[in-house]
Amino acid sequence: MSLQPNSITNPDLSETKNAKTAKPRSLWMDSLFHLLKSKTSLIGFCIIFILIVTAIFAPLIATHSPTEQSILNQYQTPSSEHWLGTDALGRDIFSRIIYGTRISIQIGVIAVGISMIIGVLLGSVAGYFGKWADQIIMRFVDILLAFPSILLAIALVAVLGPSLRNAMIAVGIIGIPQFARIIRSAVLSVKETEYIEAARAIGAKHGRTLMQHVLPNCIAPIIVQATLSVGTAILDAAGLSFLGLGAQPPTPEWGAMLSDGRAALQNAPWVITFPGLAIFFVVIGFNLFGDGLRDALDPKLKK
Amino acid sequence: MLKYIAKRILLTIPVLIGVSVLTFSLIHLIPGDPAKSMLGTKATETQLKLLREELGLNDPYIVQYGNFVGKIIQGDLGESIQSNESIAYELLQKLPATIELTIFAMILAMAVGITAGVIAAVKQYSWFDNISMTGALFGVSMPIFWLGLMMILLFSVQLQLLPPSGRLSSSIELETITNFYLLDSILTWNWAAFKDAFFHLLMPGIALGTIPMAIIARMTRSSMLEVMRQDYIRTADAKGLKKRIIIFRHALKNAFLPVLTVIGLQFGFLLGGAVLTESIFSWPGVGRYVYLSVLGRDYPVVQSTILVIAIIFVFVNLITDLLYKYFDPRIRYK
Amino acid sequence: MKKRHYMVLFTLFFAVVLFMAACTDDAGTGSTGDSQSENASGDQGSDEAEAQNGKKTLVFGRGNDSLQLDPSKVTDGESIYVTNQIFDPLVRYKTDSTEVKPALATEWNVSDDGLVWTFTLRDDVTFHDGTDFTAEDVVYNFERWTSSGDFSYYAYMFGSTDEDMGGIIENVKATGDYEVKFTLSEPNAPFLQTLAMPPFGIASPEAIEKHGEDFFKNPVGTGPFVFEEWIPDDKITLSKNEDYFGDMANIDEVIFRTIPDNGARFLELQAGSIDLMKGLNPQDIQTAENDENLQVIRRPSMNVSYMAFNTSKKGPMSKKLVRQAINLAIDKEELMSLYDGIGKPAKNPLPPSLWGYNDNIEDYGYDVEEAKKLLAEAGYADGFNINLHTFANPRPYMPQPKITAQAIQEMLKDVNINVEVVVNDWDTHTSGEDTSYDMKFLGWTGDNGDPDNFLYVLLDKDNANASAGNVAMYKSDEVHDLLKAAQTEMDQEERIEYYMEAQKIIHEDAPWFPIAHTTPPIAASKNVKNYVPHPTGTEPFNLLDLEK
């Protein structure tokens, strides 16, 4: 489930080879080059690419409708007609997994969107203004971190009511602290640079300085954190759906498919095998690509 | 050192207050009238009034919060709506199962994670490094509920080696003293029960421990690598000290500190992940208790249990911090 | 100093690693042998097994824990399943039917006007706590059940209200040490049958006084088994009552284990760690039948599963034509494949095994075109959106509620009805707190084998409420008059007439989409002998035997 702050997920402190000399523009080029050179992040990129393409062209790729049922064909083993077999209602598992990519992307975008917007806002205000604003915000973040994240998500869904929408909100909320912390430290380091001081000296307003000068320089850690968070969000949301607290039937959400297929564990193991594999691969994709992005984009995170 | 401990303990107080405020607010997040959504629209006005009074929903928030905290300090966590039983009592009955599972998973994660991390770092870029780090990547990306089901499929259905649910076979008799079955079976010299309890722990323990294991392995490896590049290790190497001594006595000692922090944080993950693991393996612990209460809209149970788990987690973090300072050679307290 | 810490820590780690390696090795090579030898010790000749641990223990696996072990306060089957072993009612059902036989009462008679029932009690019975059983104890129990609104089954069966706690029972008197007299306010045809229900098991007054609020955790009755221990959400242990007045139990101990997942429970049965289980997944029946160590036993059918339409809600559900259209738009035969051979399609609320069943009624049948026509006639040609509330875990009358709901959801798309499936857990589903449902899955297992127990409870306007009973909120005066007449009529032929007529009206008004009657499968180890499941869904285990 939820991973811990990402500096810990893969703190590959070892490969501090690249220099931090380049100017901003060439840093991006440098990063891109770096990213594509790494085999692992390339694999990650490919998985994400396939995921997005599948989601866009789902109707073309799927062999059946994801909800079309044919009860008489329940629990068919994988065959040329049903590549990954059928479930209890005779629905085509392959097609459901294909359509499930859309749900996963939706979860990724919305949940991480929530964490990112609120997290960046809190983190940058805390970092930029410091003092009591920093104190209040970071103590609030500490409080959120005092709860095991998935448990907090479950509690939130419990009070909001089970649905995919509420699951995304809950997963979004538990992702806030990580964004806030990372953005705060990024802002802190940018704030001290000369050109920010210069901007302030010419009399630029705080809001303007923050939006125009500080935040654009924190894009890199935001992107890295967002990528890694998508994997976590998909994993958490699938967990909630597995418990019946997320996507509701007949939504072809992977976690919900697993929960539906539990009854057939012994007789039709394919019903639970493939949706699980799908979650697994997509999360691997985001983790690999996120790690690669960090190595490439954000030398600061590597000391 | 004592001063530091005192200071650090004092610092947990605002966090604890925040945690209690947040769990307290949880019940007010319920859309509409909480009493009504607990009892249903069929409830009579008198019943609603009674429950509102019981929950103190008529008082100002600050008074309600005061009562909430006051009761908790006295160990009163309220009553479950479903069973009418004291929540504190039900929790106490279920906590040992969860703590046993959590600790088992953590030991498993540490034993495998640290070992793999150290070897991977020492033999950087070797096949072992590659395989274990790929394994760690798989580990952090693992949907543990799926892993649990797959293990049941393999070890219970196919191979029939491990029991798919519960803590102990019914045929085994065990005198419970602490309710930690492994411990109880050792205390009563009951080898059959120990073996049985151990087999029951294996699959849930592995499912729960996988992600922390992977994270610990990665952390240990990178932390080791960093330390081993330090001058003093190189010096030791140049001096011709035995590699084993360098690794264990010098490198690991320093590399262990960041790992310790991760371990503390992962306890939180384990307590949360227990909800999924326990519901898959029918483990009669707190995780399943929360899950069933969520399904049954037993909000007082959800609220109190989450509060208790958060408090446990805060204290685990406190202990980790103190250990960190204790072990950190760079920090000296007078 | 410091160094030693690390050495200790890491020796510990490696010790653990080594230890685990050793153990898993043990699991890999030795454990097949181990589990076999464990099984073998269980399978050995009975004398040897008994010599070994001296006990015959039946481990019974089920999906949910009991709520309370006070049968008078609960309605859930899992509580009653256990209390049926601990408490005896005045009369009990025969092993395989809902006819009654003597239990605590040996004889009974009823006055000609049907108002006074006299029971002669056994004089040789003691409660598990050692106190003697007398007529006063019966009076005590009935007084307790009328003392507050907490005693749900009493209120249900005898129609008590806040004003009149006694309901149709005017008074209960001890007319001798071993004789009690019941005076009713109106004749009640199912009265005797009702008294045999497990919720009316007689508890020890002394224990009730002693334990007060906690009696439900310390049940004391006269039944074939004595309560030993309850670990919530894990297991309940009962031991044989050595002084039982009836057929003394063949087994020494019963353990009820809670294993929520049907599949996991079946795995435990296959592994031999439980002996008997309820709630077999239909998909697993075949596997169980092919397993040479297992047997599948089917409980006689006396239940019905249905989808109730919320007739009191404004909108489409209040229209008879729409309800009939939905009946036409669902392919019931196809739904039956989700029951995997354990279910027969239902056309009436009554199960066919009960007297009074109206077989002349013809079911609506599957006809999408006709359904569309009716919908158009009702003004819903373009369809509408509604919800269907279902529960998450299987029940005996509905093995796959979530899947069945999705199947209906998809079928109704063909007539432009968009269904939102809402999944609740059982407690929430039956608590009646949410009245927003348009359609709701539910089912009923007969308590006493009387048609009244189905029709009056499930479809009379007296019982129209959202929790259980008449969740369709169906309020037909015609049906009510018929059911009331049948209740107070003692002649069975007359009663049949009333029920036949009532079923006709219900069919026409279509407050339900009746789904199925099932024969719930029970899987057991072949060692389990003489196990006869009762149609009411619960049976005492005293006749059952284990051949180990």
key: Net charge of neighbours whose Cβ lies under 12 Å from the Cβ of B:G287, counting Lys and Arg as +1 and Asp and Glu as -1   = 0
message = Could you work out how much longer the chain between C:S147 and C:D462 gets when fully extended? Use 0.36 nm per residue separation minus the Cα distance between them, nm to one decimal.
response = 111.2 nm
key: √(5λ) per eigenvalue of the Cα gyration tensor, chain C, largest first, Å   = 42, 35, 21
note = Note on the protein assembly as shown: C-alpha Rg/Rh, Kirkwood Rh, two decimals, gives 0.99
Cα pair distances exceeding 19 angstrom across the range A:182-303, given as percent = 62
message = Can you list residues from other chains, or at least 5 along the same chain, whose modelled amide H is less than 5 Å from the amide H of C:G469?
response = none
Rough spin-label spacing in nm, given labels placed 7 Å along Cα→Cβ, for C:E333 and A:I56 = 4.7
inquiry  = Give me the Å³ per residue figure for the convex hull around the C-alpha atoms of chain A.
reply    = 146
key: For the protein assembly as shown, calculated [θ]222 nm from helices alone, where every DSSP H run of n ≥ 4 adds -39500 (n - 2.57)   = -17000 deg cm²/dmol
query = Within 10 Å of each Cβ of A:68-74, how many other protein chain Cβ atoms are there on average?
reply = 5
query = Under a point-charge model restricted to the Cβ atoms of Lys and Arg (+1) and Asp and Glu (-1), what is the dipole moment magnitude of the range C:91-229 relative to its Cα centre, in debye to the nearest 20?
reply = 360
ask   = How do C:D509, C:D414, B:D231 rank when sorted from fewest to most other Cβ atoms within 10 Å of their own Cβ?
value = B:D231, C:D414, C:D509
ask   = Most fluctuating residue of B:P204, B:P258, B:P300 in a GNM of chain B with Cα springs under 10 Å: which is it?
value = B:P258
message = Could you work out the pair-distance distribution P(r) of the range A:111-193 from its alpha-carbon pairs, with 10 angstrom bin width and percents rounded to whole numbers?
response = 21, 44, 26, 8, 1
query = What is the P(r) of the range C:138-215, as percent of Cα-Cα pairs per 10 Å bin from 0?
reply = 17, 52, 28, 3
key: B:Q160-B:L241 pseudo-label distance in nm [points 7 Å out on the Cα-to-Cβ vector]   = 5.5
request  = Could you check which residue among B:G240, B:G272, B:G78 shows the biggest mean-square fluctuation in a GNM of chain B with a 10 Å Cα cutoff?
outcome  = B:G240
query = So if R0 is 56 Å, what FRET efficiency would C:L115 and C:E229 give, r being the distance between their Cβ atoms, rounded to the nearest 0.05?
reply = 0.80
inquiry  = Under the rule of at least 5 residues apart or a separate chain, name every residue whose amide H is placed under 5 Å from the amide H of C:H389.
reply    = C:V422, C:D438, C:M439, C:K440, C:F441
ask   = How do A:F94, A:F57, B:F145 line up, fewest other C-beta atoms within 10 Å first?
value = A:F57, A:F94, B:F145
ask   = Cα extents of the range C:470-548 along the three principal axes, largest first, in whole Å?
value = 57, 31, 18
ask   = How long is the gain from C:S436 to C:E494 if the chain were fully straight, where each residue apart is worth 0.36 nm and the alpha carbon distance is subtracted?
value = 17.0 nm
task = Once you've got the Cα coordinates, tell me which of C:K55/C:K529; C:K373/C:K484; B:K7/B:K94; A:K37/A:K191 are over 28 Å apart.
result = C:K373/C:K484; B:K7/B:K94; A:K37/A:K191
message = Test of understanding: express the Cα radius of gyration of the range C:307-462 as a ratio to 2.2 N^0.38 Å, with N the residue count.
response = 1.04
request  = Find which of C:P399, C:M411, C:A346 sits farthest along the positive direction of the dipole of the range C:307-457, computed with +1 on the beta-carbon of Lys and Arg, -1 on that of Asp and Glu, about the Cα centre.
outcome  = C:M411
ask   = Rg (Å, one decimal) plus Dmax (Å, integer) for the alpha carbons of the range C:88-206?
value = 13.6, 39
Estimated FRET transfer efficiency (B:L183, B:H28; beta-carbon r; R0 30 Å; 0.05) = 0.15
inquiry  = For the range B:125-275, take the convex hull of the Cα atoms, compute a quarter of its surface area, and give me that in nm², please.
reply    = 12.1
task = Identify the GluC sites (Glu not before Pro) of the range C:177-242 meeting these criteria: DSSP loop state and at most 11 other C-beta atoms within 10 Å of the C-beta.
result = C:E242
request  = Determine the distance separating the Cα centre of the range A:233-280 from the Cα centre of the range A:65-86; give it in Å without decimals.
outcome  = 16
message = How large is the translational diffusion coefficient of chain B in µm² per second when you combine the Kirkwood radius over alpha carbon pairs with Stokes-Einstein at 10 °C and 1.306 mPa s?
response = 70
query = With a sphere of radius 13 Å drawn around the Cβ of A:T63, what net charge do the other residues whose Cβ falls strictly inside it have (Lys, Arg +1; Asp, Glu -1)?
reply = -1
query = Could you give the distance between the Cα centres of the range C:515-531 and the range C:160-207, to the whole Å?
reply = 33
query = Is any residue of the range B:78-92 close enough, with backbone N under 17 Å, to a label point placed 7 angstrom from the Cα of B:N58 along the Cα-Cβ axis, and if so, which?
reply = none
inquiry  = What whole-number distance in Å separates the alpha-carbon centres of the range C:439-487 and the range C:275-332?
reply    = 18
ask   = Expressed as a fraction of 2.2 N^0.38 Å, the rule-of-thumb size for a compact globular protein of N residues, what is the C-alpha radius of gyration of the range B:260-303?
value = 1.29
note = Expressed in angstrom, Rg and Dmax over the Cα atoms of the range B:172-252 are 20.8, 59
ask   = When ranked by the protection proxy of mean other Cβ atoms within 10 Å per residue, highest first, what sequence do the peptides B:216-223, C:430-437, A:174-181 form?
value = B:216-223, A:174-181, C:430-437
ask   = Quick one: Karplus J couplings for the range C:116-124, per residue in order, coefficients 6.51, -1.76, 1.60, θ = phi - 60°, nearest Hz, x for Gly and Pro?
value = 10, 10, 10, 10, 9, 9, 5, 10, 10
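All of the numbers you see were taken from the coordinates with simple rules; none came from a lab. From a predicted model like this one, the values you see are computed outputs, not experimental measurements. With ideal geometry, Cβ positions are generated from the backbone for all residues, glycine too; neighbour counts draw on all protein chains shown.
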